[in-house]
Amino acid sequence: GTQIVADKALRTLAETMLIDHNELHVTTSIGVTILDQDSKSVDAVLRQADTAMYEAKNSGRNKFQFFDPDMQKKAEEKNRIQVTLRQAMNDNQLSMHYQPKVNLEKNEVVGMEALIRWTNAEGKSIPPDVFIPIAEESGQILELGEWIFKQVCQQINIWQDMPGFKDMVISVNVSALQFKSGNFHQLVKESLSEFNIAAHQLELELTETAVMSNPELTVNELKEIHKLGVQISIDDFGTGYSSLNYLKRFPIDVLKIDRCFIKDIGEDIYDEEIIKVMVAIGHTMGIKVVAEGVETQQQLDFLSDIGCDFGQGYLFSKPLNSQSSTEMVKNIPSAFSSYLIEINQIMENPDIKVELLINKNDPA
């Protein structure tokens, strides 16, 4: 009976309404809970229905959802992360790690991607794919994103006088919400001046979905940022809903092919063909291409053969903490630029050893 009522409500509200000669189309999300002997109060029942409604919204909207206890657990966990993340930003629980990017033709480290890490007060690591979406939903990503951006700028300032860092580019991920104000380029401009860093050594990474959520606003922001000399990268390319028409309008320097395609190299010929097309699209538009999630020699050989410009992944190095990254930069002066790196000890170890391996194709 309850399902019939919910269905009827959805159908009725979905009908076109005419108000002042304007047609309005309404979609509805409905949360349903069943009163039973365990229901403790009216407020508790309403909270359950509210939780179910948000689950319906998160599942695509225009539908109804029955409450179940797992939803409440998820909602409570999400709330807990929101509260503790706010504390984490004040208690030095957050840190930046850096994963090297390698030029596949020259076998040299050309840059690093900055990645946020969170170890809470109990020593437990909380994955970014858990807390970043929650931070975006709550709006905390604005404060967190600015903290990340300034941490990266500060790190570039520390590295910029080291010989091995001369031609490197450090990329930092930016959320779509950070662009909505329309003045993110001001933060970039002020930070370049505050930390006295060269714009060409900084790269902003946005996902396809972030770019396309408001393409007109985004293209204006990206143009302002590009004027400063900062590079622009599109992350997770091939997984969103990109428009090639918009892509050619954006001032894009780099495309990153998502790891979901890279992992199937040697196993799925269709993914291999898709990768070839994405590399060709990038090169046709004068854009460099990065493959992320490179973990095997077979993947590396394929990517090198098709002319992919850069690679990033565990085959080269895991993300390194700030101290280990600094050791790596110190050990890659320009004289060693044709060498690959291999990290031989756990990255958190302060006595980490960094070895430079001669490319197998170089003469002995």
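So which residues in the range 161-170 are of a type outside the set (A, V, I, L, M, F, W, C) and buried (at least 17 other Cβ atoms within 10 Å of the Cβ), if there are any at all?
Gly164
If Leu142 satisfies all but one of (1) farther than 20 Å from Leu85 by Cα; (2) open to solvent by 20 Å² or more (accessible area, probe 1.4 Å); (3) not in a loop (DSSP other than H, G, I, E, B), what's the number of the condition it fails?
With respect to (1) farther than 20 Å from Leu85 by Cα; (2) open to solvent by 20 Å² or more (accessible area, probe 1.4 Å); (3) not in a loop (DSSP other than H, G, I, E, B), Leu142 is out only on (1).
For the range 327-334, indicate whether the set of residues that are open to solvent by 20 Å² or more (accessible area, probe 1.4 Å), touching a residue at least 60 places away in the same chain (Cβ under 8 Å) and basic (Lys, Arg) is non-empty.
Yes.
Just to verify a result, which residue in the range 83-123, among those that are more than 30 Å from Thr296 (Cα to Cα) and among the small types (Gly, Ala, Ser), is surrounded by the most Cβ atoms within 10 Å (Cβ to Cβ)?
Within the range 83-123, the match that is surrounded by the most Cβ atoms within 10 Å (Cβ to Cβ) is Ala88.
Suppose the filter is modelled with pLDDT under 95 and among the aliphatic types (A, V, I, L, M); does Ile265 pass it?
Taking the combined requirement at face value, the residue satisfies it.
Right, Asn157: free of Cβ contacts under 8 Å to residues at least 24 places away in the same chain and not basic (Lys, Arg) or not?
no
For the range 254-263, give me each residue that is open to solvent by 40 Å² or more (accessible area, probe 1.4 Å) and charged (D, E, K, R).
Matches in the range 254-263: Arg259, Lys263.
Taking the range 123-139, which residues are under 17 Å from Ala210 (Cα atoms) and assigned to a strand (DSSP E or B)?
none
So Ala56 fits all but one of (1) at positive phi; (2) in contact with a Ser or Thr (Cβ under 6 Å, 6 or more places away or on another chain); what number is the exception?
Here Ala56 clears every test but (1).
Looking at the range 133-154, I want the residues that are closer than 23 Å to Asn321 by Cβ and have a partner that is among the hydroxyl-bearing types (Ser, Thr, Tyr) with Cβ atoms under 8 Å, at least 6 apart or on another chain. Which pairs are those?
Partner pairs satisfying both residue conditions: Ile141/Ser175; Gly145/Ser175; Phe149/Ser191; Lys150/Ser191; Cys153/Ser191.
Can you tell which of Asp7, Asp43, Asp20 is surrounded by 13 or more Cβ atoms within 10 Å (Cβ to Cβ), among the acidic types (Asp, Glu), over 36 Å from the mean Cα position of the chain (by Cα) and over 24 Å from Pro128 (Cβ atoms)?
So the residue among Asp7, Asp43, Asp20 that is surrounded by 13 or more Cβ atoms within 10 Å (Cβ to Cβ), among the acidic types (Asp, Glu), over 36 Å from the mean Cα position of the chain (by Cα) and over 24 Å from Pro128 (Cβ atoms) is Asp7.
Which of the residues belonging to the range 285-303 are open to solvent by 70 Å² or more (accessible area, probe 1.4 Å) and over 21 Å from Leu206 (Cβ atoms)?
Scanning the range 285-303 gives Glu295, Gln297, Gln298.
Report whether or not Leu247 is at pLDDT 90 or above, among the hydrophobic types (A, V, I, L, M, F, W, C) and closer than 30 Å to Val188 by Cα.
no
Within the range 213-253, count every residue that is free of Cβ contacts under 8 Å to residues at least 60 places away in the same chain, within 15 Å of the chain's Cα centre (by Cα) and surrounded by 21 or more Cβ atoms within 10 Å (Cβ to Cβ).
Number satisfying all stated conditions: 3.
If you go through the range 118-154 one residue at a time, how many are modelled with pLDDT of 95 or more, over 30 Å from Asn58 (Cα atoms) and out of contact with any Phe, Trp or Tyr (no Cβ under 8 Å at 6 or more places or on another chain)?
2
Could you list, in sequence order, all residues of the range 54-100 that are aromatic (Phe, Trp, Tyr) and closer than 30 Å to Phe310 by Cα?
Answer for the range 54-100, where residues must be aromatic (Phe, Trp, Tyr) and closer than 30 Å to Phe310 by Cα: just Tyr98.
The values are calculated or read from the model by the stated rules, or taken from the named source; none is laboratory data. Bear in mind that the values here come from a model prediction, so they are computed numbers and not experimental data. FYI the Cβ positions are ideal-geometry reconstructions off the backbone, even for glycines, and counts take in every protein chain you see. Heavy atoms of the whole protein, side chains included, go into the accessibility calculation; ligands, DNA and RNA do not. Shrake-Rupley method; radii C 1.70, N 1.55, O 1.52, S 1.80 Å.
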